[in-house]
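Q: Here it is: the structure, laid out below.
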DNA sequence: AGGATCACAAGAGCAGTGCTCTATCTGGTG
DNA sequence: CACCAGATAGAGCACTGCTCTTGTGATCCT
């Protein structure tokens, strides 16, 4: 049986000093784990090193996290939430009917956040650690930014801004059915294809820049400008200009 | 001083039994390393395990590769070349003036290759192993597919197919200068921006599919169709339809 | 209040890793 | 044939994730 997992949610209530201490310990571990991640990356994250830094022996750490993977999972949720917080705040600060601003907020904030902590970005949008299957705990925080994009698409459709729809093969309509259902059916197939491509392009751009694939293609000191240009063009793709 | 590095190129000439045996040994190591990579991924690649499988003790392997990173580098070059071979062959089989076919060949072959060996794809287009700086040996094989895309863009421009150029901020023109220089200046700034976006979209799409980010957005049994739709739309972006 | 219980921490230990150093062996070359 | 560079083997170091056992101290119940 897992010693953690359930512990996260309960301890917010005042259940006793024991539970509170436990929760604080967990947070302390996570904090140093975060800094280790930022410095050495996911593959360099050592359970023992984290334990040392937090001032305990490695075996004691297993009271708080079942395994290294469990710790990594917590960090992943952490990262998703961190990105979610940043993007939601930026997007939320925009006028609701300024759809272009909302898109740009999402895009720019995502990139800024990724550049600030590349390892954290790599943890969630890089190649998954082989053999590591994302637990179901991660899916909810993972959808926070996609939910914003979905809502944006709904508003684009409602505002009648969607570009003239192309005719689509039935197979493609079926392909995007899950995504459309996610938006309550308020987004047409063509716009959904565009939206998914916008999503792909955004994270493709960030990944390429972060993982060094842009080297020798785009001037290093002009990456900002190029990204801006990209996001503007993607905005046009989904009818925002 | 490195015991390998230089050994790769020389041993093709008949320099003696010793050198030939050495080269064969290197190849044998690489072969089992390849299979280990395909099975366990990059982080799971163990030098000792490879040595065991190839029938020698781990320390002996260091005669052929200076370190685990050196072995990984060889595998990276391997992967780039494997992808380069596949894409070049597919693209080369197209009519030279059928630009759309050439694009689709590049795109489809890339995806097929990636799906066939995800770990190998992740090795070159996934998040880089932290602390690992790609040696200069890898840049040449890495450019093989981008070279094809660059040539394609040149032909698009020459054929006058490039979409009507938008006005570009000077900073963006500067940003794409390296890429344009790479094409001998035969590609205009606007088309180059489009080309780079096509490039990121392609690899963004493949990465998203491979790394599980498409889950719950695109129907699992319709990923092929969706990818086809994407490549067709990207083709339009660079004037191919 | 005393005793049972349980969460927690510590340590030893196992199997594995990358890598180094030394000793041994062997086979192509002068 | 003798020689010695090049190849191999093995021991060893410091590290990893993880388990098991033991000790300790706070909590809770009778």
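Q: Based on the alpha-carbon gyration tensor of chain A, what equivalent-ellipsoid semi-axes (square roots of 5 times the eigenvalues) come out, in whole Å, largest first?
A: 37, 21, 16
Q: On a 0 to 90° scale, report how tilted helix B:144-158 is relative to the longest principal axis of chain B, with both axes built from alpha carbons and the result rounded to the nearest 10.
A: On a 0 to 90 degree scale, this one is about 20.
Q: What do you get when you divide the Cα radius of gyration of segment B:37-85 by 2.2 N^0.38 Å, with N the number of residues?
A: 1.18
Q: Going by the rotation axis that takes chain A to chain B, pick out the residue of A with the closest C-beta and quote the gap in whole Å.
A: For chain A, the closest residue to the axis carrying it onto B is A:204, 1.
Q: In 20 Å bins starting at zero, report the fraction of Cα pairs in the protein assembly as shown per bin as a rounded %.
A: The percentages, shortest bin first, are 21, 52, 24, 2.
Q: Express in nm, to one decimal, how much length is gained between residue B:161 and residue B:35 on full extension, taking 0.36 nm for each residue of separation and deducting their alpha carbon distance.
A: Residue separation times 0.36 nm, minus the Cα-Cα distance, leaves 41.0 nm.
Q: Next question, about the same structure. Using every Cα-Cα pair within segment A:183-227, state what percent have a distance larger than 15 Å.
A: Cα-Cα pairs in segment A:183-227 separated by more than 15 Å: 53 percent.
Q: Let me ask another. For residue B:167, go 7 angstrom from Cα along the Cα-to-Cβ vector, then report the distances to that same point in the other copies in nm, smallest first.
A: Those separations, rounded to one decimal, come out as 3.7 nm.
Q: If segment A:108-220 were replaced by its equivalent ellipsoid, with semi-axes equal to the square roots of 5 times the Cα gyration tensor eigenvalues, what would those be, largest first, whole Å?
A: For segment A:108-220, the ellipsoid semi-axes come out as 28, 19, 14 Å.
Q: Shortest first and in nm to one decimal, what separations exist between residue A:57 and its copies in the other chains, measuring from label points 7 Å along the Cα-to-beta-carbon line?
A: So the distances to the same position in the other copies read 3.4 nm.
Q: Between the helical axis of B:17-40 and the dominant principal axis of chain B, each derived from Cα atoms, what acute angle in degrees is found, rounded to the nearest 10?
A: The answer is roughly 60 degrees.
Q: Shifting gears a bit: How far is residue B:81 from the same spot in each other copy, in nm, shortest first, if each label point sits 7 Å from Cα toward Cβ?
A: 4.8
Q: What's the center-to-center distance, using Cα atoms, between segment A:152-204 and segment B:31-102 in Å?
A: Result: 38 Å between the Cα centres.
Q: Classify segment B:40-155 from the C-alpha gyration tensor, please: rounded if a/c falls under 1.5, else prolate or oblate depending on whether a/b exceeds b/c.
A: Prolate shape, in that a/c is at least 1.5 and a/b is the bigger ratio.
Q: Per residue of B:170-182, how many C-beta atoms from partner chains lie within 10 Å of its own C-beta, taken as a mean?
A: 5
Q: Any idea what angle helix A:99-116 forms with the longest principal axis of chain A, computed on alpha-carbon atoms, 0 to 90 degrees, nearest 10?
A: So the inclination is approximately 40 degrees.
Q: Modelled label-to-label distance, residue B:89 and residue A:236, 7 Å Cα→beta-carbon offset: nm?
A: Each label point is offset 7 Å from its Cα along the Cβ direction, giving 3.9 nm.
Read-outs throughout are calculated quantities, based only on the coordinates presented, and are distinct from any laboratory measurement. The structure displayed is predicted, hence computed values, not measured ones. In this analysis, Cβ positions are derived from the backbone assuming ideal geometry, glycine residues included, and neighbour counts consider all displayed protein chains.
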